[in-house]
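Where a number appears in this text, it was derived from the coordinates with a stated rule and is not lab data. Note that this is a predicted model, so its numbers are computed, not measured. A quick note on method: Cβ atoms are made from the backbone with ideal geometry, for glycine too, and the neighbour counts reach across all protein chains shown.
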Amino acid sequence: MTIETNKAIETGEMELGQVLSNFRQSVHAWSDAEYNRPRTVAPSALRRTWRMTVAWALGCVLAAGSLSGGLFELRHKQEMARAAAERDTHLRQAAAAQPAVAQALVKQADEPQAGVTDEELLAAVDKDVSRVAPSAMEPLAQLMDDNGGR
Amino acid sequence: MSPEAAQEVAAEEFARIVAALRPQIFRFLLSSTRDVDLAETLTQDCFLKAHRNWGQFRGESSALTWLMRIAINLEKDNWRNRRLQFWRHTRSHAVDLDEASEWLPSGERTAEQQLLAQEQLKSVWKVVGNLSGRQRSIFLLRYVEEMELNEIALALGLSEGTVKAHLSRALARVRGEIGSRV
């Protein structure tokens, strides 16, 4: 290495040393200033007001929601009770107007269908459901009868 | 010595250490985070943790090295938590490079010299900001806190050789940044 190169390196290192020393002093000065700065813990009035407003608004919304929910539930229950009472009254009135029919219906509902076997019941159902199907040749046979008759 | 008396002595000793080393821990955390509020919070946490574990301190390293180790771990945890909670709008109070570079060392200087010093400080802050967490800690412990290499190695739980290597890389970057500016 030449003397110039050595000098350049030395100059560079000196400059770096100076920069690092300045950096250290700068950080120390900043830190000391911040460390000894008096601290205030009171939040600003504006922020406090804003927080209070938001808290009250949320509280009101929650209270109104709870109240309306409770009222809705109460009204719904009342409606249901009234409808049930009306239905009960209708049934009682109908039963009072047609005592014979009601008694018969009640009797039919109460009495078990004794003496009817499963086979008989199925046969009765088949009989009710089945119908007489016309024979496919029957109309022609009727025509033949008519012609023959003449 | 009765347990009560021993406890009292330990409390007095801890109070003395807090009074002596609190500014230094705060300074290290301030230079690491560039955030005054965060540095204050982490300093409080550091001494709280130290107080809880004071009974386990064996004196194998100096109290400063032990406290620095706690402070470095707290800073690392804080950084990790912030990174994990990226969805949360966490406001950073870190000052920018210009503001951090405003603190010039006192001395008789011309306006031109002050401007040059300010530019150089900005370059160093820029490099420090771009260093990895470990390199930043090593650089700050060495050139701001002026700790010895073996103390830094103890505080970080690394070998002295590793500390030297990290420091050399960090210095090379500072040198490069200053060289590019001048």
Practice task
Given the options B:Ala39, B:Ala172, B:Ala19, state which has the largest fluctuation in a GNM of chain B using a 10 Å cut-off (strictly under) for Cα springs.
Solution key: B:Ala19
Handout entry: Reach of B:Lys126 by Cα under 16 Å, taken over aspartates and glutamates that are not fewer than 8 positions away in the same chain
Key = B:Asp35, B:Asp96, B:Asp98, B:Glu99, B:Glu102, B:Glu177
Handout entry: Inter-label distance, nm, simple model (7 Å from Cα along the C-beta direction), A:Asp126/B:Thr110
Key = 12.8 nm
Handout entry: Nearby aspartates and glutamates by direct alpha-carbon distance to A:Lys127 (threshold 13 angstrom, same-chain neighbours under 8 apart not counted)
Key = A:Glu119
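Rounded, prolate or oblate: which fits chain B when a ≥ b ≥ c are the square roots of the eigenvalues of the alpha-carbon gyration tensor, with rounded for a/c under 1.5 and prolate only if a/b beats b/c?
Numbers: a/c = 1.83, a/b = 1.73, b/c = 1.06.
Because a/c hits 1.5 or more and a/b exceeds b/c, chain B counts as prolate.
What does the charge dipole of the range B:1-94 about its Cα centre add up to, to the nearest 20 debye, if the Cβ of each Lys and Arg holds +1 and the Cβ of each Asp and Glu holds -1?
Numbers: 14 positive and 11 negative charges, 128 e Å.
That gives a dipole near 620 debye.
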Exercise for the section: Count neighbours as other Cβ atoms within 10 Å of each site's Cβ, and list the GluC sites (Glu not before Pro) in the range B:100-182 that are DSSP loop with at most 16 such neighbours. Expected result: B:Glu102, B:Glu108, B:Glu146, B:Glu148
Practice task
Set the Förster distance to 41 Å, then compute FRET efficiency between A:Leu140 and A:Arg92 from the Cβ-Cβ distance, nearest 0.05.
Solution key: 0.05
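Take the Cβ-Cβ distance between B:Asp37 and A:Arg75 as r, set R0 to 51 Å, and report the resulting FRET efficiency rounded to the nearest 0.05.
Numbers: r = 53 Å, r/R0 = 1.05.
So the FRET efficiency works out to roughly 0.45.
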Fill in the blank from the handout: Within the set B:Ser137, B:Ser31, B:Ser61, GNM on chain B using Cα springs under 10 Å gives the largest fluctuation to B:Ser61
Handout entry: Length-normalised contact order for chain B - Cα pairs under 8 Å, 6+ apart - percent
Key = 22 percent
